[in-house]
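The block underneath contains the structure these notes are about, expressed in structure tokens.
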């Protein structure tokens, strides 16, 4: 026959406190509660710092891919005018204007030559970085504070969304033409409409990197503040325990008399 199980009745908080000395009760309640709170906050900050670092690593890799643009050489200016007896400044001026007046030509040849696997290697890396961006944006959405009910446009969260939109709009992660357009960033445009948007993708990357650096600085300072608070709290707990011990000793001395 099995022995019946006797249910355990939880000990009331008052009874629990009476089972400890006053000093031990302070350690259990005052110190432990604060410790749990501070540790939880530190863990949250650690996760936030990890997300920021991950985003910065992603942006660095994207910047490396965007740097695969190449400048096409213009060749040499025909300097044979004078040796051929042409001394008219106007002739020289027209020739110089024709040569130097044309815009610098850029290509995305670096994609094929600067990455292992060429275009397929580029697209593989870009697809992986796009997936990372989506994950980092999701993590930041839960921690980025709202200002007047809206996300700060200068926040890392907002800037990463813009970078992701550039990748998605240009199809840089899925097509060869998209990869070329994303790298060229309209620097090869000569028409007025194209020139005004030249370098826009680079500007968005720069803005995101700046936002990430700013957030990292803020988070690092928060960690320092919490460590200081952690230290000061334990100092206060020590002071309380010391004061309680002194009071008890005085009471004991009084009773002994």
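Give me 226, 122 ranked fewest to most by other Cβ atoms within 10 Å of their Cβ, as a rough exposure proxy.
Working: 226 16, 122 26.
Ordered by Cβ neighbours within 10 Å, fewest first: 226, 122.
So, R0 is 22 Å and r is the distance between the beta-carbons of residue 165 and residue 217; what FRET efficiency does that work out to, to 0.05? Working shown, then result.
Details: r = 26 Å, r/R0 = 1.17.
Between residue 165 and residue 217 the formula returns 0.30.
Could you put 42, 126, 56 in order, starting from the residue whose Cβ has the fewest other Cβ atoms within 10 Å?
Values: 42 15, 126 22, 56 19.
So the residues, fewest neighbours to most, are 42, 56, 126.
Quick check: Cα centre of segment 106-149 to Cα centre of segment 229-255, how many Å?
56 Å
Given Cα pairs under 8 Å that are at least 6 residues apart, what percent is the relative contact order of segment 110-173? Kindly include the intermediate steps, with their values, before the conclusion.
Values: 36 pairs, mean separation 21.7, N = 64.
Relative contact order here is 34 percent.
If we count other beta carbons within 10 Å of each Cβ, what is the order of 68, 28, fewest first? Intermediate values should be presented prior to the final figure.
Working: 68 21, 28 13.
Neighbour counts put them in this order, fewest first: 28, 68.
At 0.36 nm per residue, minus the direct Cα-Cα distance, what do residue 143 and residue 174 gain on full extension? Give it in nm, one decimal, please. Could the numbers behind the result be given before it?
Working: separation 31, 0.36 × 31 = 11.16 nm, distance 3.05 nm.
Extending this stretch completely gives an extra 8.1 nm.
For segment 102-217, just say rounded, prolate or oblate: build the C-alpha gyration tensor, square-root its eigenvalues into a ≥ b ≥ c, call rounded for a/c under 1.5, and beyond that prolate if a/b exceeds b/c, oblate if not. Don't skip to the answer; put the middle values down first.
Numbers: a/c = 2.52, a/b = 1.52, b/c = 1.66.
Because a/c hits 1.5 or more and a/b fails to exceed b/c, segment 102-217 counts as oblate.
Rule-based calculations on the coordinates, nothing more; no lab input. What you are looking at is a predicted structure, and each value in this text was computed from that prediction instead of being measured. All Cβ positions, glycine included, derive from the backbone under ideal geometry; neighbour counts span all protein chains shown.
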